[in-house]
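Q: Input: one structure, supplied below.
Readers should treat all values here as calculations from the given coordinates under stated rules, not as data from a laboratory. Please read these numbers as outputs of a predicted model, since none were measured by experiment. As a convention, Cβ positions derive from the backbone with ideal geometry for all residues, glycine included, and neighbour counts pool all protein chains shown.
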């Protein structure tokens, strides 16, 4: 009963059959590593294109000098294959007649046993051999071995190993055009184990164990930006004048999840904006531009926190009107969403004041089907200063949107130059915004960020070459007395 | 007199330049250097992330092998990319990764390869990852 059950399971496990074909190897790739990656294995065998070491084409295989009759001493082993009836064939010749004592080719098969070892190789069964007359012949010889009936009948995968053995003398085997009747059945992407039918419930081509949405054929993967942790955006809002460089006028946590399908196209972008601090008196908004993406590529936008301010006009799909690229206004007024409590001068910026819980805005951007690939997503976040839609603050060298008043470029302390694609840097090359790919704390009100982050200056002065991790919580990197404590 | 004044101006100018250049070498844990006092290269973009390009040469395979190709930060485990790819196809990816990332791991099924992320690109393939079996 157990044997019958095992046979049924085996048949189901290896149900992926194809038309009978032949598996062959002729070394013409010229790169043994490529055939190894395709699950062929070699013991003391190399590829050669030298005169006298080839049979057909430019390349052939050759053995080292045989010095043993052990089948494992020199061999070519096939990938897993589902054997069919026929003959294993190959062409060989010897390098020289030499003074060999013996030369023999041994044909063996290896059974599949999932529990046996990492490579699932079970029994090694020698089923045929051929010996060569002495002195050795240096002309081509056609060799063949019938495929054993027992491995055809089993329906299971096998490997075929041809061993090139012998002793005495120096003459090596030259080998070419090995042909094995059977269907290739190894998976080069899975340790060369036999191809298994893996569950793919939604049939999208992404197996369940790798599919973030195993029951949804329209979705497959999540890519998190900036990663497992939320990122941190820090803004100064006094543009085009420089401020106090505390970078806490608006502090936003953020996290984006880009959902892609099995075609690697973007289905939706799930965004999270977390208002952590407002160290400002201005009523600032926040938006993102998807650089180089037309608004028509967006199907819908939901979840943003806006209350129809007079400056905001949106298209039917939820993107901002009047823009060449898709813009999503996520927050029209952070101070409306997290108003400062009575007695507070700011929100989560001054020690001793009432600390508020951060407010999270979850929004979602759906994309037109199969129009946008993941590498087309370039998120350009920006602050809208004090309900003046024309005044934006972007990260250094990030382009303004069409709604920005570029006439203010180059005024006051700003040193933006459109023709040079230089944006939002002052005359000392300092920015008005920072984007850090981690959850990090921020300076208390009016304290220069360099007092809180002790290696920021070194990082900036080196153009980002040293202390690339200056914002992380590493001993010696921060002055905790300058950092706002959420307590 | 005019020559003397010019000389003094020249000395002051040189001294001023020297101070600015020295300010790039801010000592470790210098917590009294305001941002506005440091000399920053004009082209520095203040980004804590960078673009990193990965190109993979496909492997000619007997059957079509499709699987999930992913790129992971070795230290943090953050996945920078996940997508379905055919092993025989060449692949070219433009990723945005933190500049603080030390090393990346690419994965395709059982194939795993680690690379330094100190540069801006990696060229790789599926070869040389398998021992003889």
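Q: Would you please give the FRET efficiency between residue B:64 and residue A:402, computed as 1/(1 + (r/R0)^6) with r the Cβ-Cβ distance and R0 = 30 Å, to the nearest 0.05? Mind showing how you got there, number by number?
A: Working: r = 45 Å, r/R0 = 1.50.
My answer for the efficiency is 0.10.
Q: Here's a follow-up. Taking Cα pairs under 8 Å and at least six residues apart, what relative contact order does region A:141-234 come out at, in percent? Can you show the working numbers first?
A: On the way: 49 pairs, mean separation 10.8, N = 94.
12 percent.
Q: Here's something else I'd like to know. Give the relative contact order (percent, whole number) for chain A; include only Cα pairs under 8 Å separated by 6+ residues. Display every interim value, and only then the final one.
A: Numbers: 1180 pairs, mean separation 63.6, N = 487.
Here the relative contact order equals 13 percent.
Q: Once label points are set 7 Å from the Cα along Cα→Cβ at both residue A:117 and residue A:315, what is their separation, rounded to one decimal in nm?
A: Once both label points are built, they end up 6.1 nm from each other.
Q: Taking the Cα-to-Cβ direction at residue A:427 and at residue B:121 and moving 7 Å from each Cα, how far apart do the two end points lie in nm?
A: 3.9
Q: Starting from 0.36 nm per residue, how many nanometres of slack lie between residue A:138 and residue A:197 once their C-alpha separation is accounted for?
A: Extending this stretch completely gives an extra 16.6 nm.
Q: Still on this structure, I have one more. Can you give the calculated 222 nm mean residue ellipticity of chain A, where each DSSP H run of n ≥ 4 adds -39,500 (n - 2.57) and the sum is split over every residue, rounded to the nearest 500 deg cm²/dmol? Could you put the intermediate results ahead of the total?
A: Values: 6 runs with 38 residues, N = 487.
It lands at -2000 deg cm²/dmol.
Q: Let me ask something else about it. By per-residue mean of other Cβ atoms within 10 Å, what is the highest-first order of B:43-54, A:285-296, A:143-154, A:123-134?
A: Working: B:43-54: 18.2, A:285-296: 21.0, A:143-154: 15.7, A:123-134: 13.6.
Ranked from most to least packed, the peptides come out as A:285-296, B:43-54, A:143-154, A:123-134.
Q: When the Cα centres of region B:46-74 and region A:167-226 are compared, how far apart do they sit, in Å?
A: Going from one Cα centre to the other spans 17 Å.
Q: Nearest 10 degrees, 0 to 90: what angle lies between the long axis of helix A:2-13 and the longest principal axis of chain A (Cα atoms)?
A: 60
Q: Then there's this: Relative contact order for region B:34-133 using alpha-carbon pairs under 8 Å, separation at least 6, rounded to a whole percent?
A: 33
Q: So how far apart, in nm, are the two label points at residue A:466 and residue A:154 if each is 7 Å from Cα heading toward Cβ?
A: Output for this residue pair reads 6.4 nm.
Q: Still on this structure, I have one more. Which FRET efficiency, nearest 0.05, do residue A:129 and residue A:302 yield, Cβ-Cβ r, R0 60 Å?
A: Details: r = 72 Å, r/R0 = 1.20.
So the FRET efficiency works out to roughly 0.25.
Q: In whole angstrom, note down how far apart the Cα centers of region A:269-296 and region A:36-64 are.
A: When both Cα centres are located, 60 Å separates them.
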